[in-house]
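One structure is given here, and the rest of the page talks about it.
Just so you know, all these numbers are worked out from the coordinates, no wet-lab data involved. Remember, it's a predicted structure, so these values are computed and weren't measured experimentally. Quick reminder, even Gly has a Cβ in these numbers, built from the backbone with ideal geometry, and neighbours come from all protein chains shown.
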Amino acid sequence: MTTAEEKAPGKLSRPLIRNRHLGDRKVAFALRAQRCSFPSEMIRHNAYFDALGNLEVKTTEWDAVFAGLSVLRLIDRVTTKGETRKPSEWPEMNTSRARVDAVKIGDPTRAILTRILDDLEKQGELTSDIGSSLLAYGRALDLDAHWTLAVDVFQTIAEIFSARENPRLIIDACTALGSSARSAGDWETSARGYTRAEHLAETTGDKAAALTVQVGLANSHLIRGNLPAAQDELDQVLAEAKGDELEPVRAIALHASGSVAHARGDYQRAVHLEYRALEMTSNPSSRERILADIAAAYAGLGMRETARDGYSIVAMTSPHQWVRWQATLNLMELAVEEGDEASFNEHVNQMESAPLDPRLRTYMLYFMAMGYRRFDKPGASALFEQAGKFARDNKLNQLAFEVESAMVKGIVPSKEQPAFQPSSELREIAEALVNLRDRASS
């Protein structure tokens with residue numbers, strides 16, 4: 001599972017049928033009417049309308065999504081030709097502030113949306129600062145696994161800001177779009193985002209951005225099972241990412257190379273590459289994902305206690321939903337390998353209803369199938385078939401191969417640790433993880 005380098009929107013008619021309360025239906029009808037009151041070229045943010053239609057009104061998540069939609073609609077209005085009044089004079093500004101104020105304190109999107117409203121009132125037009133805040137908002141959504149909403153925000157940035165005046169903003173938005181759309185299973189939008197980012201980076205001579213896009217493309221190759229193409233891309237990046245100014249790019253390329261090594265079953269190489277990436281990385285979110293992948297590589301080596309240390313660090317320190325889901329799935333796999341049926345059932349109960357991205361959902365089905373087989377529960381074969389089909393439907397070819405291979409071979413994980421003697425470097429990294437775990441828990 002890799003770091004971000006960073007669905008087709010549904011219609012509101014289906015959620016209307018599912019809402020149980022009259023109040024929900026009234027709000028949903030009002031939202032639909034609001035959409036229909038604008039000319040067709042102004043109908044935007046369908047992902048937000050679809051999300052609202054699937055949520056209980058006035059819940060914490062509903063308030064956050066509604067606030068984001070409200071601010072994005074103000075952004076749309078700024079770009080509308082013929083608008084004469086300044087944003088500070090719009091009555092909708094106060095309404096939007098009230099909606100943002102309703103967002104739970106501590107939600108990172110609350111401060112970002114407030115900053116956008118402040119800048120809109122002061123500047124009266126779109127500025128690079130507003131673009132940067134929108135980018136931060138999209139990234140916050142991505143980190144909390146709201147990928148379709150993040151895609152909407154990144155697309156909005158790419159559409160309303162000038163590439164000539166704000167080239168780096170558009171490059172960053174399109175690169176993030178490539179990653180978020182991929183997580184949402186929208187491969188076409190992902191490819192368009194990366195293509196535009198790559199073209200603009202090369203046109204402007206932004207080497208760091210161009211290499212970052214290459215890492216994103218390598219991750220797409222990896223997830224779709226084309227490991228040689230992924231490694232070729234990453235080898236090129238590592239060959240060109242020289243110098244202190246390109247160290248962040250080298251770090252994400254090393255992390256992605258570790259993921260390729262993991263997919264090939266070369267877990268020792270994965271640990272070495274990912275630990276080198278960890279040493280170069282200061283961003284907390286990126287470090288969490290690298291730690292989770294190091295732990296997964298140790299699990300592959302059979303060093304389960306070290307793996308548990310890594311997963312525990314992530315579980316204790318990560319504020320991000322996707323990372324917590326990944327750690328929980330990894331712990332589910334450990335429970336299967338160790339024959340711990342009670343822990344396995346607990347993790348299944350936690351994850352079954354989670355809105356996972358296609359890759360994590362495939363892993364969940366795969367680990368459930370392995371657990372059902374291990375604990376002699378009925379339905380293991382059906383789960384293997386479901387996992388394989390889900391992987392194929394979402395073009396996760398490497399993962400589909402792993403699932404089908406396990407199903408055909410009839411693998412039953414053993415509780416016994418494999419005979420493995422770790423190198424001194426592996427032991428040193430394991431000790432470093434223990435120290436990180438102790439610091440996280442103190």
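Overview of values
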item	result
Set of the stretch 147-172 residues, backbone N closer than 13 Å to the point 7 Å along the Cα-Cβ line of THR79	152-163, 170
Cα gyration tensor shape for the stretch 167-286, rounded if a/c is under 1.5, else prolate or oblate	oblate
Dipole magnitude (debye, nearest 20) for the chain, charges at Cβ of Lys, Arg, Asp, Glu	1480 debye
Per-residue HN-Hα couplings for the stretch 314-322 [Karplus 6.51, -1.76, 1.60; θ = phi - 60°; Hz; x = Gly/Pro]	4, 4, 7, 10, 7, x, 9, 4, 4
Sorted by Cβ density within 10 Å, fewest first, the residues ASP244, ASP438	ASP244, ASP438
Separation in nanometres of the label points that stand 7 Å from Cα toward Cβ, at THR195 and GLU89	4.3 nm
Modelled FRET efficiency - R0 60 Å, ASP129 with GLN236, Cβ distances, 0.05 increments	0.95
Two-site FRET efficiency, ASP101 against ASN435, from Cβ-Cβ distance with R₀ of 41 Å, rounded to 0.05	0.45
Phi-based couplings in Hz for the stretch 189-198 (Karplus 6.51, -1.76, 1.60; Gly and Pro marked x)	5, 4, 5, 5, x, 5, 4, 5, 4, 5
Cut-off under 5 Å, modelled amide H: who pairs with GLY225 long-range	ASN397, GLN398
The stretch 189-260: C-alpha gyration tensor shape, a/c 1.5 cut-off, then a/b vs b/c	oblate
Integer Hz, Karplus 6.51/-1.76/1.60 couplings in order for the stretch 138-150, x for Gly and Pro	x, 5, 5, 5, 4, 5, 9, 6, 9, 5, 5, 5, 4
